[in-house]
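Any read-out appearing in this document is the output of simple, stated calculations on the displayed coordinates, not a laboratory observation. Because the structure is a prediction, the values reported are computed rather than measured.
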Amino acid sequence: MKLTLTPLFAALLLAGCASVGSVDPAQLPQAPTAYKATSAADAPALTTSWWQPFADPVLDDLVGRAMAANTSVQSAANRLAQARAALGTAQAARLPQVGIAAGAGRSSTPGPQPVPQPVTQYSAGLNLAYELDLGGRLLHERNAAALDVRAREQLLADARLLVQANVARGYLALRALDAERDIVNGTVAAYGETLSLTEKRARAGDVADLDLARVRAELAATEADAISLERRRAELETALAVLVGEPASNFRLPPTAWTTALPTVPAGLPSELLQRRPDLAAARSQLEAAQARVGEARAAWWPSLSLTAQGGGVSNELSNLLKSGASTWGIGLLGALPLFDGGRREAGVNAAKAQLDGEAIAFREQFLLALKDVEDQLSALTLLQAQGEANSRAVSAAGQALKLSDTRYRNGLVSQLELLDARRTELANRRTALQVRSAQYQATVGLIRALGGGWSEAPVKLAGV
């Protein structure tokens with residue numbers, strides 16, 4: 001029987017010895033040498049507190065509150081704690097297991113007496129068990145758990161970055177809305193003055209009722225627009241309350257002047273995304289964890305071999321349990337090797353390989369999306385800069401035209417329609433210019449988010465990247 005099983009045993013060992021191998025480089029993304037859009041090369045590097053160059057104390061405070069109480073960040077931290085606990089379990093499986101056992105039992109045994117006499121037996125001892133990790137299954141399991149922890153650490157960093165970016169975007173959008181409200185409210189006041197003047201001229205018979213109705217319509221429409229901005233501001237304020245982890249009913253952010261600075265962000269090289277973006281680092285760790293689990297599945301072809309030992313005492317008298325005459329000991333080696341499992345182990349290896357392929361695809365997709373994010377924000381900043389310059393010229397020209405039309409209308413040289421048209425044009429251009437400015441802030445935050453947040457030192461290179 002021994003000679004018959006030897007070839008089979010050797011074949012199974014060889015199957016278990018097959019190496020996991022490294023991740024196929026062809027499955028990993030290849031970073032381009034440069035971005036299509038360019039950014040300022042002499043811009044200062046951002047620090048890890050990347051929002052501070054915006055030089056806004058209110059923004060600094062909001063980000064700090066969000067990092068302390070945001071529920072998404074807390075959930076990511078909880079998942080990290082779970083992964084660390086799983087790592088502790090995997091590490092414990094590679095260590096000897098030691099325990100104390102004690103017991104008492106009463107039974108009857110046949111003897112020379114007509115009636116069997118009950119006997120009480122006491123036992124106490126120390127047990128030890130240790131699994132010899134022949135195929136490296138426990139090692140692969142531990143390595144996969146450690147990579148899971150690293151991925152969760154990086155996902156926690158990504159959750160923090162996402163919340164920071166959302167706080168900055170929400171706050172900057174709210175400040176832009178405050179500035180837009182000021183413009184619209186100023187226009188409401190101007191329409192109010194025009195209405196007063198028109199009413200006076202109507203009473204004097206200088207203008208028709210139609211002109212008076214037009215001014216009233218323009219005033220009411222602009223007032224409705226101002227109320228709409230109030231509604232949007234309330235929505236932004238409550239959204240910020242959720243981000244900072246506070247009840248919306250208690251959260252207040254009073255209007256103030258929009259003096260936030262607009263920093264210039266250095267894009268660096270595309271290859272640096274692999275080290276800077278925490279979501280890409282997490283995807284890489286998940287890929288390596290899947291690779292380790294392939295090794296764990298292949299190790300199932302190895303026989304399991306466990307070393308056991310025990311020592312203690314057995315006695316019919318509790319007082320004699322710890323005496324030398326009652327001591328017992330034992331040592332054993334237990335091995336097991338499935339000969340037929342219906343293809344379960346092979347299916348396990350195939351499933352682990354498929355998981356590895358899936359993680360490689362996900363990593364590549366994540367990197368391509370990261371490149372797209374950076375390119376989108378870089379091109380947006382370039383085009384918004386040109387659009388902002390054009391809007392500035394339009395605002396200047398529209399303001400001059402409005403001033404001339406207002407003067408001419410007051411002197412009765414132009415019709416009311418010309419004045420209203422000039423005011424509408426001036427309002428539209430000022431609001432458009434403000435919206436372009438707001439978009440520049442949003443694209444800047446988006447670029448920082450796409451680049452992986454702030455950095456102050458050269459990023460650490462991941463193994464194999």
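Across the range 303-309, rounded Karplus estimates of 3J(HN,Hα) from the backbone phi angles (6.51 cos²θ - 1.76 cosθ + 1.60, θ = phi - 60°) give x, 8, 9, 10, 9, 10, 8 Hz, Gly and Pro being marked x. Taking a straight line from the alpha carbon of Lys353, these aspartates and glutamates sit under 18 Å away, with near neighbours fewer than eight places off in the same chain left out: Asp24, Glu141, Asp148, Glu288, Glu296. Here the ratio of the Cα radius of gyration of the range 147-221 to 2.2 N^0.38 Å is 2.26. For the range 446-453, the Karplus equation 6.51 cos²θ - 1.76 cosθ + 1.60, evaluated at θ = phi - 60°, returns couplings of x, 5, 4, 4, 5, 7, x, x Hz by residue, with Gly and Pro reported as x.
Listed by chain and number, the aspartates and glutamates placed with their C-alpha closer than 15 angstrom to that of Lys372 are Glu272, Asp279; residues fewer than eight positions away on the same chain are left out.
Close amide H pairs (under 5 Å, H built 1.01 Å from N) link Leu132 with Leu305, Ser306, Leu307, residues at least 5 positions away or on another chain. Here, P(r) means the percent of Cα pairs in each 10 Å bin from 0 to the largest distance; for the range 353-432 it is 17, 23, 17, 13, 11, 9, 6, 3, 0.
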